[in-house]
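Structure provided below as structure tokens; questions to follow.
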Amino acid sequence: MLIGGAATVLVAGSAAAWALDEYVIDHVEVTDADAYENESGSTGTSLDTTTVVADDDTWSADGTTIKVTKQVIGSGSDQITYFVADLVLTDATVLRTGFAENKFGGNVVENTSSIASSNDAVFAVNGDYYGFRDTGIEIRNGTLFRSEGARQGLVIYQDGRAALYDETSTDADTLLADGAWTTLSFGPGLVADGKAIDGIDDIEIDTNFGNHSIQGQQPRTAIGVLGTNHLAIVVVDGRSDGYSRGATMTELAEIFVGLGATTAYNLDGGGSSTMYFNGSLVNNPLGENRERGTSDSLYIAE
């Protein structure tokens, strides 16, 4: 019995050590993401903000316009509250990625609003939380950070095109050669050819603990394509009785269909779902107005 007890403690200790290493301890792969991008020759459009026009829900400068609206459907315990950011971009490179602490690696996290502040962003949302896993093609700001394909991704090209794609049937070099500016690796795809994709409420994107299932009524963040250099980002609040219950995948897809999206893709959700605009949070994460740290953010700089 003593031996058995010791073995149990050893196993439990090993499991705890594995969990700490996997989900808590930082594993930094790139210590200065900005410098790494500069070394790779990454370039993007910097907006001329000398002629900014802004009010509570709209911001525009140099051909880029951001308009944020709040929408409510249903009522009572069935109410869904969500926010839509309509983004008309000067070009696709205006939408950039900011990394937590300007580092690329596992378990490095920072609030979306803090990442936004560090990058002088007027608008930001959480990204795909790449740091929770070690797979997925991650091209950000025209620079390759990770190349191991594993799931369905979204690619945004520098010429303003965007498409769903299978990470396992292509490679990062091909995507870069075709002009990829940003790839996102979470999913699933929500809308293709203007229609909600069937079966998305049953998809499991990963098998690791904590990310095995994304079904049910949840807070959500997703991105959709309305046209060339015209995107919509939706953040759905959830888990808050009487304010917003969250949305299923199919409900989220139908929101994008209603917006006229030809393509849409799910990003990290739950407590990560955060929209920041004009210096403050737009949504109410988890009904507590409290952010959860994430590994990356999509933003537009002032």
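A short reminder: the numbers here are calculations on the coordinates, not readings from a lab. Just so you know, these numbers come straight off a predicted model, no measurement behind them. Cβ coordinates were reconstructed from backbone atoms using ideal geometry, including for glycine residues, and neighbour counts include every protein chain displayed.
Which value results for Rg/Rh of the range 69-139 when Rg is the Cα radius of gyration and Rh the Kirkwood radius based on the inverse mean 1/r? Walk me through the intermediate numbers first.
On the way: Rg = 15.5 Å, Rh = 14.7 Å.
With Rh from the inverse mean 1/r over Cα pairs, Rg/Rh is 1.06.
When only Cα pairs under 8 Å and 6 or more residues apart are kept, what is the percent relative contact order across the range 28-301? Display every interim value, and only then the final one.
Numbers: 729 pairs, mean separation 68.4, N = 274.
For the range 28-301, the relative contact order is 25 percent.
Helices from the chain with mean Kyte-Doolittle at least -1.0 and a Cα length along the axis of 30 Å or more, per DSSP H: which?
Values: long enough: 2-23 (31 Å, 1.14).
Long hydrophobic helices here: 2-23.
Right, next: If you place +1 on the Cβ of every Lys and Arg and -1 on the Cβ of every Asp and Glu, how big does the dipole about the Cα centre of the range 28-301 come out, in debye to the nearest 20? All intermediate terms of the calculation are to be shown ahead of the outcome.
Values: 15 positive and 40 negative charges, 107 e Å.
Once rounded to the nearest 20, the dipole reads 520 debye.
Which order do E39, E302, E138 fall in if you start with the one that has the fewest other Cβ atoms within 10 Å?
Ascending number of Cβ neighbours within 10 Å: E39, E302, E138.
Can you tell me which of 290-299, 275-284 comes out highest on packing, and rank the rest after it, using the mean Cβ neighbours within 10 Å?
Working: 290-299: 23.0, 275-284: 18.7.
Packing proxy ranking, top to bottom: 290-299, 275-284.
Take each of the peptides 247-259, 55-67, average the number of other beta-carbon atoms within 10 Å over its residues, and list them starting from the highest.
Details: 247-259: 20.7, 55-67: 15.8.
Going from most to least packed, we get 247-259, 55-67.
Still on this structure, please answer the following. So, in Å, what gap is there between the alpha-carbon centers of the range 23-78 and the range 223-252?
17 Å
Which one of A172, T45, N284 is farthest out on the positive end of the charge dipole of the chain, using unit charges on Cβ (Lys, Arg +1; Asp, Glu -1) and the Cα centre as origin?
Highest projection toward the positive end goes to N284.
Determine the sum of side-chain charges near L252: Lys and Arg each +1, Asp and Glu each -1, restricted to other residues whose C-beta is under 12 angstrom from that of L252.
Numbers: positive: R220; negative: D201, E251, E254.
Here the count lands on -2.
Kindly state, as a whole number, the per residue volume in cubic angstrom of the convex hull around the alpha carbon atoms of the chain.
Working: hull volume 44.4 nm³, N = 302.
In the chain, the Cα convex hull volume per residue is 147 Å³.
Where does the charge balance sit around L286 when Lys and Arg score +1, Asp and Glu -1, over other residues with C-beta under 15 Å from its C-beta? Can you show the working numbers first?
Details: positive: R220, R239, R245, R290, R292; negative: D237, D241, D268, E288, E291.
So the surrounding residues net to 0.
Please sort 72-82, 230-240, 172-182 by packing, taking for each peptide the average over its residues of neighbouring beta carbons within 10 angstrom, highest first.
On the way: 72-82: 14.4, 230-240: 22.5, 172-182: 17.1.
Going from most to least packed, we get 230-240, 172-182, 72-82.
Could you work out [θ]222 nm for the chain from helices alone, using -39500 (n - 2.57) per DSSP H run of at least four and dividing by all its residues? Round to the nearest 500 deg cm²/dmol.
-5500 deg cm²/dmol
How many nm separate the modelled label positions at K195 and N289, each set 7 Å beyond the Cα in the direction of the Cβ?
A separation of 4.4 nm, rounded to one decimal place.
According to a simple spin-label model (label point 7 Å from Cα along Cα-to-Cβ), what is the distance in nm between T135 and S280?
4.3 nm
Also: Taking the beta-carbon count within 10 Å as an exposure proxy, list S185, S169 from fewest neighbours to most.
So the ranking, lowest neighbour count to highest, is S169, S185.
In straight Cα distance, which aspartates and glutamates are under 12 Å from K67, not counting same-chain residues fewer than 8 positions off?
Counting by Cα, and skipping residues close in sequence, K67 has these aspartates and glutamates nearby: D55, D56, D57, D86.
Still on this structure, please answer the following. Let me test this: with uniform point scatterers at the alpha carbons of the range 126-177, what is the Debye-based log₁₀ I(q)/I(0) at q = 0.30 1/Å?
Once normalised to I(0) and log-transformed, intensities are -1.49.
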